[in-house]
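Structure first, then comments.
The values are calculated or read from the model by the stated rules, or taken from the named source; none is laboratory data. Here the structure is a predicted model, which means the values were calculated and not measured. Here the Cβ positions follow ideal geometry from the backbone for every residue, glycine too, while neighbour counts run over all protein chains shown. In case anyone asks, the SASA skips ligands and DNA or RNA and just uses the protein heavy atoms, side chains included. Shrake-Rupley method; radii C 1.70, N 1.55, O 1.52, S 1.80 Å.
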Amino acid sequence: MKTLLQIFSHASIYTAVLFIAIAPINAQQVTIPIETETHAIVLQTDKNNLLRTVYFGKRLLGSSEYSAVSTVSRLDDDNAGIYNAVYTTAGTWNLAEPAIQVKHADGNTSLELKYVSHTREQPDDNTSLTRVVLKDNVYPFQVTLFYKVWMKENVIEQWTEIQHSEKKPVQMQKYASANLYVANSDFYLTTFHGMWAKEMQPAETKLERGTRSIDTKLGARAMLLQSSSFILALDHPARENDGDVLLGQIAWSGNFKVDFEVDAYNNLRLIAGINPFASEYALPANQPFKTPSFIYAVSGKGTGDASRNLHSWARKYRVLDGQGQRLTLLNNWEATYFDFDENKLTALYKDAKNLGVDLFLLDDGWFGNKYPRNGDTAGLGDWQENVKKLPHGLGYLVAEAKKEGVKFGIWIEPEMVNPKSELYEKHIDWVIRQPDRPEVYYRNQLVLDLSNPEVQDFVYGVVDNLFTKNPELAFIKWDCNAVIYNAYSVYLNKKQLPQSHLYVEYVKGLYSVLQRLRAKYPKVPMMLCSGGGGRGDYELLKYFTEFWPSDDTEPLELIFIQWDYSYFFPSIVTDNHVTDWGKQPLKFRVDVACMGKLGFDIVASHLNENDLRFAKEAVSTYHSYKNIVWHGDLFRLVNPHDNDIASLMYVDQAKSKAIVFNYLVNNRQRLVEPQKQVKLAGLDPQKKYTVKEINIYPDTRSPINTSVSYSGDFLMKVGINPDINARRASVLLEINEVK
Ligand code: DGJ
């Protein structure tokens, strides 16, 4: 059939577009616009009733014109089926990378999904949920696509439900969460790679024809080498204050895969979901399979706007207690490692109190008796207090903390086991390991089989027992240090379920434990940790209030790590601790930690008098502005990847107060451009503000003149000079509206 454009080849394109807006050729054709405040995805059926993504871009003024979009783009081709299928199938005439690939109960491998129906709900002014049902005409096989939209934040969450009523299970070889199609000519992708103590290392590349993927196959601690978060920029490399960008993430705490394929038309096909690697899933009849969510923020104003929107969305709609408060803390990990006893710990309580933080966090090493946890080689799995180190038990520690006026929190790693443990001796069948091969350890430990409901009960019990015995426990740090080697589950084998379910069932088992825990303990703050930042995604953050971004707490590195996390996560969820890593003075370390959720991993009583005085004052000052850091809008002002300094600021909602963090990141002093001003952002141009330096080290003076007031206009166009230099390597400024 000829397209309208061909029929009207003598008329102008404009006429043709107008015509189709009022009289579509195919009366049956269905157009489904999914709109945010600024953007739209438009799905449309073709003449064969296949549903395609015909538009992904800025929202049009009139939604009636969406139906005309497909008439001005020609995508029909015989070479590889349909590139812009809304959920690309495999086994028929479509030969592009599929979003779904299955083997039916009878062994047939073909699938073609046709549009059946769609609904749109709008539970409130800001959210909408579009459901699109697709079905195969030959097999009783159905896929429902979900698009949840937060209008104002321009955030979209997509997932899929797959179900069938065939006689036996259908083998799903690939079952993606989302399949996007973006028509444009140039695409730039920033991915974030890592390893222990080197999380979130960005790399931006221009996407060329072909497929580029980000993925992990590590099972647990899945993001050790590769984050599932990425930045996609159109036309030019991602910029902070302009340009079309998409900040995306697959919210799945296990193996994920995101494919970015630049197709023959130079358009982008994006397929995101669970990694099909070793994960063929046998889906029984009438049991819908819900994929994880693919979550993304879109903006036409660069990464700054997209991040602020994603942050507001996360605080308001996603992260546990995202709009609430957080506890500042002192952790004993780097202060003592495994070497502590009651006296050492209670002495640290005094430090916590003296510093003015809210909580003392007891880290690894408090448990195990037959195999005491005096190092990382033994004891993991035996969650009873070590009687030598803690003869009076945890109850005593909690009570002593209370006497000191600080809350008490505790570290656990309940998904893991050391082979040297009573748990391993009793329940080797709970351990993920190949029965006939030598065990291979990651940090001397193995992963428990969370696909097994008994193991889920055990993990739940670890936390539940702690709370039952110590109701005043105020905080949990939940660690996960190992990847899955030798993937094999005794449980799945017993149940005659395929081993290829393990990676998926592990993660589902974890979520199920967390759901049960949150049903009983809805609000207790929990920090997600994974040997640093090996985990941190918007599915786990439904259950956790925060996460530990990296064991690399060297403050210069932390500036970069925090900067790169900040594209995706609001600072209220990233824990920043002052430690003894690095050569920087205490002031620098504290100033860096203050730009996230502040904590300490030091022996404060070892600080000299001035350092201690400074730290105490800094904590007290932090309490006065922490709500701006946790709940305000973030503006990344000067990027440390490209400059000698890093500068970023948080502004409160009323635009009446802001905190600006400035750090010297280049030790080659000759390269530092002196006297360069930093242009602020997010202020009210009409308001007047004063600028005051805070966190000033004892017996030093600030060159910043507090008596002058500037308009917001001035501060944003001309800027302010924080006067960064080698002697002033970190400068915190408080901006206050003059009322
Ligand atoms: C890894 C974490 O990242 C550290 O903070 C600490 O909790 C250790 N594990 C304890 O083993």
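State which entries of Lys616/Lys676; Lys692/Lys739; Lys350/Lys403; Lys167/Lys494; Lys152/Lys301; Lys655/Lys692 exceed 19 angstrom in Cα-Cα distance in the structure shown.
Among Lys616/Lys676; Lys692/Lys739; Lys350/Lys403; Lys167/Lys494; Lys152/Lys301; Lys655/Lys692, the Cα-Cα distance tops 19 Å for Lys616/Lys676; Lys167/Lys494.
I'd like to compare 391-397, 112-118: which one has the highest average count of other Cβ atoms within 10 Å, and what's the full order after that?
Descending packing order for the listed peptides: 112-118, 391-397.
Principal axes first, then extents: for the Cα atoms of region 404-563, list largest minus smallest coordinate on each axis, whole Å, largest first.
Taking max minus min along each principal axis of the Cα atoms, region 404-563 gives 50, 39, 30 Å.
For region 544-599, which whole percent of the accessible surface, found with a 1.4 angstrom probe, sits on carbon and sulfur atoms?
In region 544-599, the share of accessible area belonging to carbon and sulfur is 56 percent.
Kyte-Doolittle cut-off 0.0, length cut-off 24 Å along the helix's own axis using Cα: show which whole DSSP H helices in the chain pass.
Helices meeting the criterion: 502-520.
Kindly rank 183-193, 505-515, 121-131 from highest to lowest mean number of other beta carbons found within 10 Å of each residue.
Averaged packing, sorted descending, gives the order 505-515, 183-193, 121-131.
Take every Cα pair under 8 Å in region 175-317 that's 6+ residues apart, average their separations, divide by the length, and report that relative contact order as a whole percent.
Relative contact order of region 175-317: 29 percent.
If the reach is capped at under 16 angstrom between alpha carbons, list the lysines near Lys542, excluding any in the same chain fewer than eight residues apart.
Hits, sequence-local ones excluded: Lys316, Lys477, Lys508, Lys520, Lys523.
Tell me, what % of the accessible area of region 313-436 is carbon and sulfur with a 1.4 angstrom probe?
Roughly 49 percent, rounded to a whole number.
Counting alpha carbon pairs within less than 8 Å and at least 6 residues apart, what relative contact order, in whole percent, applies to the chain?
Across the chain, relative contact order equals 9 percent.
Considering amide H positions built from the backbone, and no H for Pro or chain starts, which residues 5 or more places from Ile694, or on another chain, come under 5 Å of its amide H?
Those lying under 5 Å, H to H, from Ile694 are Leu732, Leu733, Glu734.
Taking the Cα atoms of region 356-469, report the difference between the largest and smallest coordinate on each principal axis, in whole Å and largest first.
Principal-axis extents of the Cα atoms in region 356-469, largest first: 53, 27, 23 Å.
Report, in cubic angstrom per residue, the convex hull volume of the C-alpha atoms of the chain.
It is 173 Å³ per residue.
State the Cα centre-to-centre distance between region 498-517 and region 390-438 in whole Å.
If we compute the Cα centre of each part, the gap is 21 Å.
In whole Hz, with x marking every Gly and Pro, tabulate ³J(HN,Hα) for region 155-171 from phi via Karplus 6.51 cos²θ - 1.76 cosθ + 1.60, θ = phi - 60°.
10, 10, 10, 10, 8, 9, 10, 10, 8, 7, 10, 7, 6, 10, x, 9, 7
Would you mind calculating the relative contact order of region 575-694 from Cα pairs under 8 angstrom and at least 6 residues apart, reporting the percent as a whole number?
Across region 575-694, relative contact order equals 18 percent.
By its C-alpha gyration tensor, with a ≥ b ≥ c as the square roots of the eigenvalues, how is region 504-654 shaped: rounded for a/c under 1.5, else prolate for a/b larger than b/c, else oblate?
prolate
For the peptides 560-570, 638-648, 72-82, what is the packing order when you average, over each peptide's residues, the other Cβ atoms within 10 Å and list the highest mean first?
Taking the mean over residues of other Cβ atoms within 10 Å, the ranking is 560-570, 638-648, 72-82.
Near the amide H of His39, under 5 Å away, which other amide H atoms are found, from residues 5 or more places off or on another chain, if H is placed in the peptide plane?
HN-HN under 5 Å from His39: Arg59.
Computing the accessible area with a 1.4 Å probe over protein heavy atoms, can you report the carbon and sulfur percentage for region 615-724?
Carbon with sulfur: 46 percent of the solvent-accessible area.
Accessible area per residue, 1.4 Å probe, Å², for the chain: what's the number?
Computed with neighbouring chains in place, this is 39 Å² per residue.
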